Amino acid sequence: MTRRKSLSDHGVQNLKPRSARYVFADPELGGHYVRVMPTGSKSFVALARDPNGKQVWATIGATDLYEIDKSRELAREAIKRIRAGLPAFEERPKAETFKDVADDWLKRHVRQKGLRSEAEVTRLLNAHLLSTWKDRLFHSIRRSDVAALLDEVEDDHGARQADYVLAIVRGIMNWYAARHDDYHPPIARGMRRTDPNSRKRDRILDDDEIRAVWKQAESNGTFGAIIRLALLTAQRREKIGSMKWEAISSDGVWNVPSEARQKGVGGALQLPESARKIVAEQSRVGENPYVFPGRGDGHFQGWSPCKRRFNEKLSAALRKEAVERGDDPEKVKVEPWVVHDLRRTARSLMSRAGVRPDIAERVMGHVISGVEGVYDRHSYRDEKADALKRLSALIETIVSPSPGKIVRFRKSR
């Protein structure tokens, strides 16, 4: 065969298949070939020897994907790399989907750092993000995509839920940006759907509200027991919901566990008699280790549905009482409150009961600031026991009203 002086794109197209595979040398670049298969498919390839003298063939790509000038450019680079002992082509980064990045973030950030929010973060990821962006290329997600997703979440689940989702998206994107040179998160200021300052709560329940909530809680099973313990111990709802039998000693001391990266807890708390009675009323469920069991071997988790049903029953009870008094039941309204408001209420009641502020703060597990917090390592076990005893006594006087007391819920501030 007479060797051609040049090879054009048209010449590549005119190469005919044979009964066996063959390669056609590019006369303009040594080591650059067109490989022709018996089926008629063609591809550009490069050939060079590595530093050990071994021949290395590198496929550049199908001839219908590249013009010959581009193939020669890629072949020159491949030949140079092979001769240097490197792979023919630089490894191209994997085109990562949102799920790829989210899974890596969960593994290397959330779980590795032991974040307490893992369960809730995973739930929101599955419910709102992976259901929409699971197979979407991560780099293709733009600010408009995030805004559209937040609009959907806000419309269906409220502004606060949208902000929780935004926090997860921002966390994933910032984490990814810290690990890659060429990525810039599309998140911008002003994407929040609520004002953080407006969410700060100062809500506490007054005596009439405490009385009404306590009365309803007495006939509301597990959730009602948790509500009453929240008032009697001033502990966070998650700690009460995950209380274990083994954490309560025979003399009624509850050793509130503290986990890594967690805010302070009350430590060892001598439960008042009223709280011990509530715990004793709970039934053990098989091998489940929790005082308030959930599904399987887990602990109580159903906060939102239980709180919603509790409020419905509370409203119905208050309307019934209004009818019995001859008042208009339509004017009875339960003002908004959340379980955490009970912790704030209990703290306020301790002050009212004459408990020293520093002792009340220790009951709640708050960090004592300054030199005292650094050097005073006393457990204050007896002082905390006295504080909870005083709190329990005050609650007892509140939930036992004088006859004819009218129950009204005030507006939240």
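The values are calculated or read from the model by the stated rules, or taken from the named source; none is laboratory data. Since this is a predicted model, take the numbers as computed values, not measurements. Neighbour counts are summed over all protein chains in view; Cβ atoms, including those assigned to glycine, are modelled from backbone coordinates with ideal geometry.
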Leading residue by the ranking (modelled with the highest pLDDT) among those in region 182-227 that are under 21 Å from the mean Cα position of the chain (by Cα) and not in a loop (DSSP other than H, G, I, E, B): Pro196
Top-ranked residue in region 296-352 [being of a type in the set (D, E, K, R) and closer than 22 Å to Glu396 by Cα; ranked as surrounded by the fewest Cβ atoms within 10 Å (Cβ to Cβ)]: Arg352
Selected residue (only one of Asp297, Asp327 is assigned by TED's automatic domain parsing to the domain that holds Val256 and outside any helix (DSSP H, G or I)): Asp327
Sort through Arg203, Arg211 and tell me the only one that's in contact with an Asp or Glu (Cβ under 6 Å, 6 or more places away or on another chain) and under 30 Å from Ala317 (Cβ atoms). Arg203
In region 1-26, which residue that is of a type in the set (A, V, I, L, M, F, W, C) and not in a strand (DSSP E or B) is surrounded by the fewest Cβ atoms within 10 Å (Cβ to Cβ)? Met1
